[in-house]
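Notes for the one structure printed next.
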Amino acid sequence: MKEAVRVGIVGAGSIALGTAALLADQGHDPMLWSPSGKGTQGLMAGVTAEGAIDLQFSPRIAASTKTLANENDVLMLALPAYGHKAVMDALAPHIREGQHVIVSSHASMGALYLMRLLAARGVSAPITAWGTTAVTGRRQDGTVVRVNTVRSSVDLCTVPDSETGAALALCQKLFGDRFQPRGGLLAISLSNLNPQNHLGIALGNMTRMERGEVWSQGQNVTPKVGRLLEKLDLERLAIAEALGLSVKTIFEHFHLSFHVPVASISEMNQQMHAQGNGGTGPASADSRYVTEDVPYGLQLTAVLGRLVDQPAVLHEAGIEIFSAMYDRDFVRENALLEALELERYSLEELQQAARTGLLR
């Protein structure tokens, strides 16, 4: 019987609860902290996971970031990227020397920001960045979370990169053998396909979202929406190639995440729908598909494209279109990129920081 690891999770939404369920299913001991406190109400009495994980468990609940850090061996961020800077600010004063932090999933070079906060305290702690989440799902009413799938492959890297071996072993112990090491934070940033995929899906189904309809996401990745996702992926792959990085293609992503044979992206999504794991699309325009993925996902890809002279024209157009539709400047809503001021650094300095965790 393996030793249970105490894992403190920041968040109480779909991914946080699904991740906690996976940890409990693997024999570990999750604790949840919600920044607002509302998301964790009633969870101590028990959480029911259904779907890809069928389990009832009782997570511990933290009242503060201090409690979360003090009472756990490992810390995880599992909330939308627009909340990352605020919770990093709240958590950093309490992280211990050597205490491992996992960001699920990593966005906008956030590990560099957290490492900066820790360095200011003279604290060194490894930070592992995941390219995507280990689970997909949706929190239902009350204390139920539906886990749509547990991914068979998740890209990760750790800063500093000298901690890669220990971090990989830890993640495997916590979540099973499903991790693929990648070469630094830039590779991880370009391994997250959700922003580009959600751009095409939300753009093609915005009226459904605004009307609050219940609709199948997989079924509505129709041939033209699927082709847009494929073209967006070519931009991301060109940037990765210019940086000398190896990342999954969109076809590998859907194949490994949702266990369907490789075909066109539309056909793969139709197969996901037929198997019952195509997911349900957002029922509101106020969805993280836009409010998180546009400023915190698409914007970083656009920045990297300009750095390596591979402009991500479709990504940039998506940012402008959604900014117009929402009457918001999504470029300026990225608090992490604004704090990091990446434009001050050369590509060489950024590539080095992607392995060390520190911008020099």
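For region 1-19, give me each residue that is among the charged types (D, E, K, R) and either in contact with a Gly (Cβ under 6 Å, 6 or more places away or on another chain) or at pLDDT below 95 (or both).
Lys2, Glu3
Being touching a Phe, Trp or Tyr at 6+ places or on another chain (Cβ under 7 Å) and part of a helix (DSSP H, G or I) is the filter here, so list the residues in region 24-51 that pass it.
Result: Ala24, single match.
Determine which single condition Gln271 fails, assuming it passes every other condition in (1) more than 19 Å from the chain's Cα centre (by Cα); (2) crowded, with 22+ Cβ neighbours inside 10 Å.
So the condition that Gln271 fails would be (2).
Restricting attention to region 321-334, which residues are open to solvent by 70 Å² or more (accessible area, probe 1.4 Å) and either modelled with pLDDT of 95 or more or touching a Phe, Trp or Tyr at 6+ places or on another chain (Cβ under 9 Å) (or both)?
Ile321, Ala324, Met325, Asp327, Arg328, Asp329
Please state which one of Leu245, Leu199, Leu234 is more than 19 Å from Ala107 (Cβ to Cβ) and aliphatic (A, V, I, L, M).
Just a single option satisfies the conditions, and that option is Leu234.
State which residue pairs qualify: first residue under 19 Å from Trp33 (Cβ atoms) and inside region 43-71, second residue of a type in the set (Phe, Trp, Tyr) in any location, beta carbons under 6 Å apart, and separation of 6 or more residues or different chains.
Val47/Phe57; Ala62/Trp33; Leu68/Trp33
Would you point out which residue out of Leu337, Leu307 is more than 19 Å from Pro223 (Cα to Cα), crowded, with 21+ Cβ neighbours inside 10 Å and not hydroxyl-bearing (Ser, Thr, Tyr)?
Only one candidate passes the filter, namely Leu337.
Taking the condition aliphatic (A, V, I, L, M), open to solvent by 20 Å² or more (accessible area, probe 1.4 Å), outside any strand (DSSP E or B) and in contact (Cβ under 8 Å) with a residue 60 or more places away in the chain, does Leu91 pass?
no
Output the residue which, of all residues in region 349-360 that are closer than 16 Å to Ser189 by Cβ and not in a helix (DSSP H, G or I), is most open to solvent (accessible area, probe 1.4 Å).
Ranking the qualifying residues of region 349-360, first place goes to Leu359.
Got a number for residues in region 181-221 being modelled with pLDDT of 95 or more, in a loop (DSSP other than H, G, I, E, B) and either open to solvent by 10 Å² or more (accessible area, probe 1.4 Å) or basic (Lys, Arg) (or both)?
Total satisfying the criteria: 7.
So is Ser264 of a type in the set (Ser, Thr, Tyr) and either modelled with pLDDT of 95 or more or touching a Pro at 6+ places or on another chain (Cβ under 7 Å) (or both) or not?
So Ser264 passes the test.
Pull up region 227-268, narrow it to residues that are in a helix (DSSP H, G or I) and among the basic types (Lys, Arg), then point me to the one that is surrounded by the fewest Cβ atoms within 10 Å (Cβ to Cβ).
Lys231
Go through region 135-189 and give me each residue that's of a type in the set (D, E, K, R) and under 25 Å from Ala119 (Cα atoms).
Within region 135-189, Asp161, Glu163, Arg182 qualify.
So, Ser346, is that one open to solvent by 10 Å² or more (accessible area, probe 1.4 Å), modelled with pLDDT of 95 or more and hydroxyl-bearing (Ser, Thr, Tyr) or not?
Criteria not met by Ser346.
Return the residues of region 112-160 that are among the β-branched types (Val, Ile, Thr) and under 30 Å from His273 (Cα atoms); say none if nothing qualifies.
Result: Thr132, Thr133, Val135, Thr136, Thr143, Val144, Val145, Val147, Thr149, Val150, Val154.
Report the residue count in region 15-54 for those that are closer than 17 Å to Val147 by Cα, open to solvent by less than 30 Å² (accessible area, probe 1.4 Å) and polar (S, T, N, Q).
Qualifying residue count, region 15-54: 1.
Tell me, please, whether a residue that is touching a Cys at 6+ places or on another chain (Cβ under 9 Å), touching a residue at least 24 places away in the same chain (Cβ under 8 Å) and surrounded by 21 or more Cβ atoms within 10 Å (Cβ to Cβ) can be found in region 112-122.
No, region 112-122 has no match at all.
Given the criterion polar (S, T, N, Q), in contact with a strand residue (DSSP E or B) (Cβ under 9 Å, 6 or more places away or on another chain), at pLDDT 95 or above and surrounded by 18 or more Cβ atoms within 10 Å (Cβ to Cβ), identify the matching residue among Thr128, Thr149.
Selected residue: Thr128, the only one of Thr128, Thr149 that is polar (S, T, N, Q), in contact with a strand residue (DSSP E or B) (Cβ under 9 Å, 6 or more places away or on another chain), at pLDDT 95 or above and surrounded by 18 or more Cβ atoms within 10 Å (Cβ to Cβ).
Checking Leu156 against (1) under 21 Å from Val135 (Cβ atoms); (2) outside any helix (DSSP H, G or I); (3) over 18 Å from the mean Cα position of the chain (by Cα), which test does it fail?
For Leu156, the failing item is (3).
The values are calculated or read from the model by the stated rules, or taken from the named source; none is laboratory data. Here the structure is a predicted model, which means the values were calculated and not measured. FYI the Cβ positions are ideal-geometry reconstructions off the backbone, even for glycines, and counts take in every protein chain you see. Keep in mind that these areas ignore ligands, DNA and RNA; they rest on the heavy atoms of the full protein, side chains included. Shrake-Rupley method; radii C 1.70, N 1.55, O 1.52, S 1.80 Å.
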